[in-house]
Amino acid sequence: MKIKFEIKKVKDIKAEAVASFIFEDMAEPKLQWLNTLFKGNLDVLIESKDFKGAAEEVNLLYVTGDIRTQRLLVVGLGKSKDITLEKLRNAYAMASKKFNALKLSSVGFEFPDLTMIKGILNFSISDIVQAISEGVFLSQYHYKKYVSKDTSVSLDEISFFTDSPKFIKEINESLKNSRMICDAVLLARDLGNEPSNNLTPSKFADFVKKSSSKTNYTVTIFDEKKIKQLEMGGIVGVSQGSSNFPRFLILQYFGRPKSEKPVILVGKGVTFDSGGISLKPSAGMESMKMDMCGAAAVVGTFEAVSKLRLKLNLIGLIPAVENMPSGTAMRPGDIIKSYSGTTIEVDNTDAEGRLILADALDYAANYKPKAVLDIATLTGAAVVCFGHTCAGIMGTDTDLAKKIFEAGEKTNERVWELPLYAEYEKLMKSEVADIKNIGPPREAGTILGGIFLKKFAGEKYPWLHIDVAGTAMVPAEPAEYIPKDATGFGVRLFVEFLRKFNSN
Ligand code: BES
Ligand code: ZN
Ligand code: ZN
């Protein structure tokens, strides 16, 4: 995909099609202006009053300009006072997909009045341009790796344009950064969608290693021997039923002197979750190839952060396992011991994510981190609670929760906090070990996942848990720029959070 930014009028863009974006309250003068540029080609549209500029309204016209532009897509943005970054993402994604349907490859997207939007939204020009370009870039995703004759089309040459010479530097910079961030989101989606036969823990580790060598972060991989030697009992226990051995990945990015304490991201990397001996029902089990979307979000974040060269130190911890039933699998009732020595009664082998995260959260303390955030497709209960609209957060630090919340509102990777009241701890008490891995059935499932993890993150560092079971993998397109299946949720959220963290 080639991207350029041009200071030109819509009629001077050399492309198969151009899209112009129109606010409802300014539709009339804008259409008149376009009509003058295109020498009366919009006469009929204007007379018909068919196009109002409402959000999600699109209208394709065939026009003649100076350079013969063949197609003009007018796209509504709704009332200017109601504009949001998310509306911009969706409007530009909708236009992009309309162009895809026409099988076009070279197209132009006009920027709306950026100064005006900045005034309404109180976001920077760079934020607005990022949202606009995210709509375009992220809408072009198709997972067709294994389709022999892929007929899906993507935009090839994209021009963003405006006739105003203002903000050239900000726009160019923002388009470049947005491209890096979006590429990282697409990578996270690809990892999530990859079938488990081709993405075992070791293949996952190899992939990340290879990917890291192209940028400036490093990866250390612990194999099954090392994991056993370190007594990471959660990872050993969950993986022991599978012939695909576990891996523990440590990603490192230094944007500051190594002596400076890092932020740590922990991602659940269950490459397939059958449930183990507490086997899941077969309906829908195929979606459990995406049970490593937390890990994928961490990898995506490293890709983006290292390319953006953010000025902070970042560590990524990814326990990667396959949860399978077999003669060697962990049994309900087994007692295992986490890396720090906490004993866990495993009453349900399908509550495996928390067992591998326990080791990673224990291990995180070795770095004396500034903050630890874990991201995991942890509980079906999060889907019951939030649907596919937002992720659940829980933790021990209000400031961390507030900052992630703000990053969520801006990126529209939204989060909502659930309480970790002390009363819930009783429900996870074991009579034979320090804690058990499930609580009573159908009771506060997402919160109890958080309560369990808190036992390991504890008071050792400021900590936040993000349950993305509902948002990282979705059965239907949640927005114009987000496809079904793996969404890459978490990458834009973390990057936004870390950019702010970086500048504070
Ligand atoms: N990977 C699942 C959670 C999940 C469910 C993610 C649906 C995405 C969509 C997790 O390992 C799991 O099975 N959790 C159990 C926990 C229970 C046994 C306490 C669940 O949610 O049923
Ligand atoms: Zn499970
Ligand atoms: Zn799982």
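The values are calculated or read from the model by the stated rules, or taken from the named source; none is laboratory data. Predicted model, so just to flag it, every value in this text is computed and none were measured. A quick note on method: Cβ atoms are made from the backbone with ideal geometry, for glycine too, and the neighbour counts reach across all protein chains shown. Surface accessibility is based on the protein's heavy atoms, side chains included, excluding ligands, DNA and RNA. Shrake-Rupley method; radii C 1.70, N 1.55, O 1.52, S 1.80 Å.
Anisotropy class assigned to the range 207-342 is prolate, per the alpha carbon gyration tensor with a/c at or over the 1.5 cut-off and a/b larger than b/c. Taking square-rooted eigenvalues a ≥ b ≥ c of the alpha carbon gyration tensor, is the range 1-81 rounded, prolate or oblate, where a/c under 1.5 means rounded and, failing that, a/b exceeding b/c means prolate? It is oblate, given that a/c is not under 1.5 and a/b is not larger than b/c. From the alpha carbon centroid of the range 281-300 to that of the range 71-125 is 32 Å. For trypsin sites (Lys or Arg not before Pro), the sites in the range 96-199 that DSSP calls loop and that have at most 15 other Cβ atoms within 10 Å are LYS103, LYS144, LYS145, LYS149, LYS166.
What is the helix-to-structure angle for 398-411, meaning the angle in degrees between its Cα long axis and the longest Cα principal axis of the chain, kept from 0 to 90 and rounded to the nearest 10? Tilt relative to the chain: about 30 degrees.
Cβ-Cβ distance of LYS402 and GLU423, R₀ of 35 Å, FRET efficiency by 1/(1 + (r/R0)^6): the value works out to about 0.90.
For helix 491-503, report the angle its Cα long axis makes with the longest principal axis of the Cα atoms of the chain; keep it between 0 and 90° and round to the nearest 10°. Once rounded, one gets 90 degrees. FRET efficiency for the SER430 to LYS484 pair, using the beta carbon distance and R₀ = 45 Å, is estimated at 0.70.
Of the accessible area of the range 1-67, computed with a 1.4 Å probe over protein heavy atoms only, carbon and sulfur atoms account for 52 percent. Translational diffusion of the chain was estimated from the Stokes-Einstein equation, with Rh taken as the Kirkwood radius over Cα pairs; at 25 °C and 0.890 mPa s the coefficient is 103 µm²/s.
Relative to the compact-globule estimate of 2.2 N^0.38 Å, the Cα radius of gyration of the range 402-493 comes out at 1.29. Computed over protein heavy atoms with a 1.4 Å probe, the accessible surface of the chain works out to 41 Å² per residue.
With respect to the chain, whose longest principal axis is taken over its alpha-carbon atoms, helix 27-37 is tilted by about 60°. As a fraction of the 1.4 Å probe accessible area of the range 110-221, surface on carbon and sulfur atoms comes out at 51 percent. Specify the inter-centroid distance of the range 416-470 and the range 135-200, based on alpha-carbon positions, in whole Å. After rounding, the separation between the Cα centres reads 36 Å.
Helical runs assigned H by DSSP (4 residues or longer) give the chain a calculated mean residue ellipticity at 222 nm of -11500 deg cm²/dmol, each run adding -39500 (n - 2.57) before division by the residue total.
For the range 401-485, applying the loop criterion from DSSP together with a ceiling of 12 other beta carbons within 10 Å to the GluC sites (Glu not before Pro) yields GLU431, GLU443, GLU459. With both residues required to sit in the chain, DSSP beta bridges show an antiparallel share near 40%.
Were the residues from GLU443 through LEU121 laid out at 0.36 nm apart, the gain over their Cα-Cα distance would be 111.9 nm.
Computed with every protein chain present, the accessible area of ARG492 is close to 10 Å² [probe 1.4 Å].
The fraction of accessible area contributed by carbon and sulfur in the range 376-504 is 53 percent, rounded to a whole number (1.4 Å probe; ligands and nucleic acids excluded). Were the residues from SER213 through LYS81 laid out at 0.36 nm apart, the gain over their Cα-Cα distance would be 42.9 nm. In a fully extended conformation the segment linking SER152 and LEU230 would gain 23.4 nm over its present Cα-Cα distance, using 0.36 nm per residue.
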